[in-house]
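Read-outs throughout are calculated quantities, based only on the coordinates presented, and are distinct from any laboratory measurement. On a predicted model such as this, the values are computed, not experimentally measured, just so you know. Note that each Cβ is placed from the backbone with ideal geometry, even for glycine, and that neighbours are counted across all protein chains shown.
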Amino acid sequence: MKIIKAKDYNAASRMAANIIAAQVILKPDCVLGLATGSTPIGTYESLIERYKNGDLDFSQVSSINLDEYKGLSPENDQSYRYFMNEHLFNHINIDKNRTHVPNGLEPDSEKACGDYNKIINDHGGIDLQLLGLGLNGHIGFNEPADVFEKETHCVDLTQSTIDANSRFFASMDEVPKQAYTMGIKTIMQAKKVVLLATGAGKAEIVKKAFFGDVTPQVPASILQLHSDFVLVGDEEALSLIP
Ligand code: F6R
């Protein structure tokens, strides 16, 4: 595990963008594994800036996102496809046909997950996987569990997640109750993994995940065993590590 400590959110975002930019420059047809959530927004802004400056070309890059809510269409502004379009894809020269997010509109979970595994395998896996970190140690929607789920699977969202999301929807019926997520094995098979953690709120879980036991109760802890894992954090998120 390699740790990169940045001063604050903006510096950490630039560091993560540096690593992704290096990947795109060294392998223009690379496969990027991408995340949503609040943490990577600054990284995406930094990548967009470099693209606009003429320093990066995404025309041959493919992307495979971690997760998507089951039941949400790409046009729904709460969907992760919408998020990716808004925060990255609409602003760079990536071919949208090469960007992949689980199909939230596929009601048959087995089919949705099988199709996504096929997409990942057809690409020969992921060159660089960018991750955020949940407060309970989740990565993607891989929540604390008794075992590490291997491949793409459908997860039941916890009631607290459903309640938290309800503010974004007109009625409780519209709030997604399930999501499709890439599995831990797929994440571990990425050639390089970069996890970005920022803010004081992440300090406890960063310490637990990367300096505690490797256990499916803290899904991110398995990254300790990855041969090319980089933790990029700001001073606040890394404040409790030895
Ligand atoms: C997003 C994802 C999640 C987030 C995590 C952290 O695609 O898979 O695991 O990375 O919930 O979210 P933020 O960055 O909002 O703290």
* For Glu149, distant residues with modelled amide H under 5 Å away -> Ile184
* Arrange the peptides 36-45, 21-30 so that the one whose residues have, on average, the most other Cβ atoms within 10 Å appears first. => 36-45, 21-30
* Asked: List the trypsin sites (Lys or Arg not before Pro) in the stretch 7-112 that DSSP assigns to loop (not H, G, I, E or B) and whose Cβ has at most 14 other Cβ atoms within 10 Å. Which are they?
  -> Lys7
* Figure the gain on full extension for Glu86 and Asp156 (residue separation times 0.36 nm, minus the Cα-Cα span) and round it to one decimal in nm. => 22.6 nm
* Taking only DSSP H segments of four or more residues, each worth -39500 (n - 2.57), what value at 222 nm results for the chain once the sum is divided by all its residues, to the nearest 500 deg cm²/dmol? -> -9000 deg cm²/dmol
* Asked: Ordered by residue, what ³J(HN,Hα) values in Hz, to whole numbers, does the stretch 217-226 give under the Karplus form 6.51 cos²θ - 1.76 cosθ + 1.60, where θ = phi - 60° and Gly and Pro are x?
  -> 6, 10, x, 5, 4, 5, 5, 4, 8, 7
* Asked: Could you give the nm distance between label points at Lys191 and Asp146, where each point is 7 Å from its Cα heading toward the beta carbon?
  -> 3.8 nm
* Max mean-square fluctuation residue, GNM over the chain, Cα-Cα springs under 10 Å, options Thr186, Thr215, Thr158 -> Thr158
* To do: Compute the length gained on full extension between Phe168 and Ile41: take 0.36 nm times their separation in residues and subtract their Cα-Cα distance, giving the result in nm to one decimal.
  => 43.8 nm
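What FRET efficiency comes out for the pair Leu26/Glu49, r = Cβ-Cβ distance, R0 = 22 Å, nearest 0.05?
FRET efficiency, Leu26 to Glu49: 0.65.
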* Structure fact -> Rounded to one decimal in nm, the spacing of the 7 Å Cα→Cβ label points at Ser227 and Lys2 is 1.5 nm
* Calculated FRET value between Gln178 and Thr215, using beta carbons and R₀ = 35 Å, to 0.05 -> 0.90
